[in-house]
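Scroll down for the structure; my scribbles are underneath it.
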Amino acid sequence: MLNRKMVLAFLSILITLSPLYALSVEQLAKEGEIAFYHENYIEARKYLIPASEQGNLQSLYYLGVMSLHGFGTPANYKEAIRIFKSGAQKNHSDSQVALGVLMIDGIGIPQNHKEASRIFKKAAKNGNHDAQLILGWLYKNGVGVKSNNTLAYALWNYVAAQGNEWARVNRDAMYYELTEPELYHGQDLSSNLPKLWKVVALENRDSNRYSRKKRS
């Protein structure tokens, strides 16, 4: 039988947690996000953990960032990568970008440029501007993909049109590197995203075919 002290302790825990249980997943996620951006990481985890447990992938992503950098919890690359992989598998584009960046640099995970480029393509197609920026850099430098200045220009031109200054600067720097047909093709692709992703898919297939021939 519970003694009086144990009953009081139990009731105290319930009183502390009951406001959280009264919040919806969206409210938990929002409160956690606000605390995260105010760098109140202990408070953020209080909301983000239950939100992520109820399926909120953005909350899960924030927990991954906190594990990666040691915000409100000891830094743990293994846990961060586990979280990002979980989100990426569920098509969460921020998690895909985080996982791809770590894979490009080989931080806490084996370096794999080709797999990273595949992840960035998926996130970019899902509309993530960070992924589109990075994918442009991959095409410009031939990292994990066959170098393709037209695709790099098209991606940066599209993101620049959304108001991104970094994309604008990189796009403008490429202007004199392209032939006139390449420039017009890049501009056409950036104004027609279904066509752009089709070209990316074809480029990926051709690259895989070349890779198989090289190994044989």
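The values are calculated or read from the model by the stated rules, or taken from the named source; none is laboratory data. A quick note: this is a predicted structure, and the numbers were derived from the prediction, not measured. Because the Cβ atoms are built from the backbone with ideal geometry, glycine has one as well, and the counts that use them run over all protein chains shown.
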Practice problem: State yes or no: is Gln111 in contact with a Gly (Cβ under 8 Å, 6 or more places away or on another chain) and over 19 Å from Ile49 (Cα atoms)? | Solution: no
Practice problem: Report, by residue number, each residue of the range 95-131 that is in contact with a helix residue (DSSP H, G or I) (Cβ under 6 Å, 6 or more places away or on another chain), of a type in the set (S, T, N, Q) and either in contact (Cβ under 8 Å) with a residue 60 or more places away in the chain or surrounded by fewer than 18 Cβ atoms within 10 Å (Cβ to Cβ) (or both). | Solution: Asn112, Asn126
Exercise. Filter the range 190-206 down to the residues that are closer than 21 Å to Ile119 by Cβ and in contact with a helix residue (DSSP H, G or I) (Cβ under 9 Å, 6 or more places away or on another chain), then identify the one that is surrounded by the fewest Cβ atoms within 10 Å (Cβ to Cβ).
Key: Ala201
Quiz prompt | Tyr77, sole failed condition from (1) surrounded by 22 or more Cβ atoms within 10 Å (Cβ to Cβ); (2) outside the structural domain of Tyr158 (by TED's automatic domain parsing) | solution = (1)
Practice problem: Within the range 96-110, identify whether any single residue is of a type in the set (Gly, Ala, Ser), in a helix (DSSP H, G or I), under 28 Å from Asn56 (Cβ atoms) and not assigned by TED's automatic domain parsing to the domain that holds Leu202, and answer yes or no. | Solution: yes
Practice problem: Report yes if Ser86 is among the small types (Gly, Ala, Ser), part of a helix (DSSP H, G or I) and at pLDDT 95 or above, otherwise no. | Solution: yes
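Here's the yes/no breakdown for (1) in the same structural domain as Arg168 (by TED's automatic domain parsing); (2) touching a Leu at 6+ places or on another chain (Cβ under 8 Å):
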site: Tyr47; (1), (2): no, yes
site: Pro50; (1), (2): no, yes
site: Leu57; (1), (2): no, no
site: His69; (1), (2): no, no
site: Gly72; (1), (2): no, no
site: Ile83; (1), (2): no, yes
site: Ser86; (1), (2): no, yes
site: Lys90; (1), (2): no, yes
site: Leu135; (1), (2): yes, yes
